[in-house]
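Bear in mind these aren't lab numbers, they're just calculated from the coordinates by the rules spelled out. Keep in mind that this is a model prediction, so the values were computed, not measured. Cβ coordinates were reconstructed from backbone atoms using ideal geometry, including for glycine residues, and neighbour counts include every protein chain displayed.
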Ligand code: FES
Ligand code: FES
């Protein structure tokens, strides 16, 4: 007889690669990504859904992966910061962060970049205020946000957003 405590087999597309795994029902998505798949891009900053360091895209939705269970991703597609660069080329948002010095320690950056891309998907040319509101779920303790806002607006001028 199976119980809610039994491991589950899940199949998830992560950054375009299909992963099949057996996970404990209480394993958080962020822990599975980092510990089982070695996707160290998503960070654990708070484990309580507040900081946004663990932000990934889950079936087209921006989510904080510390608030989801790995079993909830079964049959879904997950995109992390690690799938953004293609053929050695940074995604335009990553490049914009680089060029605008939009990071210091970098701990918030993977989540911030994912959130920024999602923001441009919704608002292709956001005002400063719209960027600040759009990224309010992602905390940065280093930069004061000014250069992050500048990077997002810079990227808006060179890309229509999206993750390809
Ligand atoms: Fe998920 Fe902070 S670690 S929101
Ligand atoms: Fe350090 Fe954002 S660059 S937390």
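The separation of the stretch 20-50 from the stretch 92-164, counted between C-alpha centres, amounts to 23 Å. Over the residues of the chain, the helix contribution to mean residue ellipticity at 222 nm works out to -7500 deg cm²/dmol, using -39500 (n - 2.57) for each DSSP H run of at least 4. Comparing mean-square fluctuations of 12, 22, 113 from a GNM of the chain with C-alpha springs under 10 Å, the top value falls on 22. For the stretch 1-157, the relative contact order is 23 percent, taking Cα pairs closer than 8 Å that sit 6 or more residues apart in sequence and dividing their mean separation by the residue count. Neighbour counts of other Cβ atoms within 10 Å put 65, 127 in the fewest-to-most order 127, 65. By the gyration tensor of its Cα atoms, with a ≥ b ≥ c the square roots of the eigenvalues, what is the shape of the chain: rounded for a/c under 1.5, prolate for a/b over b/c, or oblate? Prolate, because a/c is 1.5 or more and a/b exceeds b/c. Label zone (residue 13, point 7 Å along Cα-to-C-beta; backbone nitrogen cut-off 12 Å) within the stretch 35-55: none.
Find the relative contact order for the stretch 8-83 and round it to a whole percent, using C-alpha pairs within less than 8 Å whose residues are 6+ positions apart.
Numbers: 150 pairs, mean separation 30.7, N = 76.
So the answer I get is 40 percent.
Taking other C-beta atoms within 10 angstrom as a stand-in for reagent exposure, 55, 67, 48, 11 fall in the order 48, 11, 67, 55, fewest first. Among 39, 86, the order by Cβ neighbours within 10 angstrom, fewest to most, reads 86, 39. The modelled label-to-label distance for the pair residue 4/residue 50, using points 7 Å beyond Cα in the direction of Cβ, is 2.7 nm.
A simple spin-label model places pseudo-atoms 7 Å from Cα toward Cβ; at residue 85 and residue 98 they are separated by 0.7 nm.
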